[in-house]
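> Supplied in structure tokens, the structure appears directly below.
A short reminder: the numbers here are calculations on the coordinates, not readings from a lab. Worth saying up front: this structure is predicted, and the values here are computed from it rather than measured. Because the Cβ atoms are built from the backbone with ideal geometry, glycine has one as well, and the counts that use them run over all protein chains shown.
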Amino acid sequence: MLNVAPEVAEALAAGRAVVALESTIISHGLPRPDNVAIARQIEAAVREGGAVPATVALVGGEVRIGLDDAALAAIATRDDVIKCSARDLPIAAARGATGATTVAATAHLAAQAGIELFATGGLGGVHREARDTWDESADLVALSRTRICVVCAGVKSILDIAATLERLETLGIGVAGYRTDTFPAFYLTDSGFALPWRLESPQEIADVLHARGALGLDGTALIVANPLPEDEQLDPDLHERVLRESLEAAATEGVRGRDVTPFLLGRFHAGTGGESLRANVALVLANARLAGEIAAARQG
Ligand code: PSU
Ligand code: MN
């Protein structure tokens, strides 16, 4: 059921470095019309790191690992693109639907295709109102049972980060900071929460992935948390203000389920005068590049 783009298929067959990229960030996480160009910039960052990019999506019911221009345009611009978590894939595929894949869905499909590295912006996690809503991203459970290494800027700052870190521990998902001792907070450099491990180089991370396989622990994800440099983060006061307003708006408007995250990200992009978008693009490009470097070190 996997349609692997020729360049990606050749790289995989030859044992060359490949990095998977998700598509929900394109369809639901970044505003139009910039999202198309940004998607290609993310792929270019993977290449700079030394790997072949493979953006994942569902197009007309077919899983694509690597998107041509027509497929990317469909994901980025069509109004009927479904946000697909792993559980949505079989239904959307059987219906012939077009869908963007979340971290959960992308990690699963990448692993199916034999891709070990994956880059995104920020993972889903436990929402701040989870005590009442039970809203916890399916990303966490998916990562607990998928052979993948995901490079991200932590989890989205709209979430309950402390609770998310506890859940990652419970689920047995490895978490390490890239040249940092504290977990980043997506738009913000530092969440203030300490990390159990710090890794210093792509080669060191590649060695961890090798050990993970040798120990039979490669059925579970490793998260590499790569913070935005402090001078590129969103202004923390602006972040705090827009976050409070956005959470109130979500509650007032009764936003639920898979609409919550796109709603909050959209409020940020509208409420920060483009600053959250700038930070979002900067962090995802840095993650794509680092994932490319890790993938290359893994092959070398
Ligand atoms: N990171 C971003 N922008 C995004 C997302 C991540 O920088 O839009 C998406 C990912 O696809 C992630 C999803 O899997 O948000 C989480 O959604 P939810 O909280 O509904 O599980
Ligand atoms: Mn949710």
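> I'd like the full set of residues that are in contact (Cβ under 8 Å) with a residue 12 or more places away in the chain and farther than 19 Å from THR170 by Cβ, limited to segment 202-217.
PRO202, GLN203, ILE205, ALA206, VAL208, LEU209, HIS210
> Keeping to segment 170-187, report how many residues are assigned to a loop (DSSP other than H, G, I, E, B) and in contact with a strand residue (DSSP E or B) (Cβ under 9 Å, 6 or more places away or on another chain).
Qualifying residue count, segment 170-187: 7.
> Here's something else I'd like to know. Are any residues in segment 258-288 among the basic types (Lys, Arg) and more than 10 Å from ligand 1 (Cβ to nearest atom), and if so, which ones?
ARG267, ARG278
> Restricting attention to segment 135-164, and to residues there that are surrounded by fewer than 21 Cβ atoms within 10 Å (Cβ to Cβ), away from ligand 1 (no atom under 13 Å from the Cβ) and of a type outside the set (Lys, Arg), which single residue is nearest to HIS108 (Cα to Cα)?
Result: SER144.
> Restricting attention to segment 275-300, report how many residues are under 20 Å from GLU116 (Cα atoms), in contact with a helix residue (DSSP H, G or I) (Cβ under 6 Å, 6 or more places away or on another chain) and of a type outside the set (A, V, I, L, M, F, W, C).
Going through segment 275-300 one residue at a time, the tally reaches 4.
> Which residues, counting only those in segment 96-122, are within 28 Å of GLY15 (Cβ to Cβ) and either within 15 Å of ligand 2 (Cβ to nearest atom) or not aliphatic (A, V, I, L, M) (or both)?
Matches in segment 96-122: THR101, VAL103, ALA104, ALA105, THR106, HIS108, GLN112, GLY114, GLU116, PHE118, THR120.
> Can you name every residue in segment 264-279 that is more than 16 Å from VAL126 (Cα to Cα) and part of a helix (DSSP H, G or I)?
Hits for segment 264-279 are GLY266, ARG267, PHE268, HIS269, ALA270, GLY271, GLU275, SER276, LEU277, ARG278, ALA279.
> Here are some conditions: (1) more than 11 Å from ligand 1 (Cβ to nearest atom); (2) crowded, with 23+ Cβ neighbours inside 10 Å; (3) under 22 Å from ALA279 (Cα atoms). ALA176 meets all but one. Which one does it not meet?
(2)
> Across segment 188-234, what is the total count of residues that are hydrophobic (A, V, I, L, M, F, W, C), closer than 20 Å to ARG145 by Cα and not in a loop (DSSP other than H, G, I, E, B)?
Of the residues in that region, 10 qualify.
> Related question: Please go through segment 229-257 and pick out each residue that is within 15 Å of ligand 1 (Cβ to nearest atom) and more than 16 Å from ASP160 (Cβ to Cβ).
Selection gives GLU232, GLN233, LEU234, VAL255, ARG256, GLY257.
> Output the number of residues of segment 242-253 satisfying the condition of being touching a Ser or Thr at 6+ places or on another chain (Cβ under 9 Å) and either basic (Lys, Arg) or in a strand (DSSP E or B) (or both).
Number of matching residues: 0.
Residues are listed down the side, and each one gets a yes or a no for (1) charged (D, E, K, R); (2) farther than 26 Å from ALA286 by Cα; (3) over 21 Å from the mean Cα position of the chain (by Cα):
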| residue | (1), (2), (3) |
| --- | --- |
| LEU217 | no, yes, yes |
| ASN226 | no, no, no |
| GLU230 | yes, no, no |
| ASP237 | yes, no, yes |
| LEU243 | no, no, no |
| SER246 | no, yes, yes |
| THR261 | no, no, no |
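> Return yes when ASP181 is acidic (Asp, Glu) and more than 11 Å from ligand 1 (Cβ to nearest atom) and no when it is not.
Yes; evaluated as a whole, the condition is true for this residue.
> If only one of VAL141, VAL150 is among the aliphatic types (A, V, I, L, M), more than 11 Å from ligand 2 (Cβ to nearest atom) and either on the phi > 0 side of the Ramachandran plot or touching a strand residue (DSSP E or B) at 6+ places or on another chain (Cβ under 6 Å) (or both), which one is it?
Criteria check complete, one pass: VAL150.
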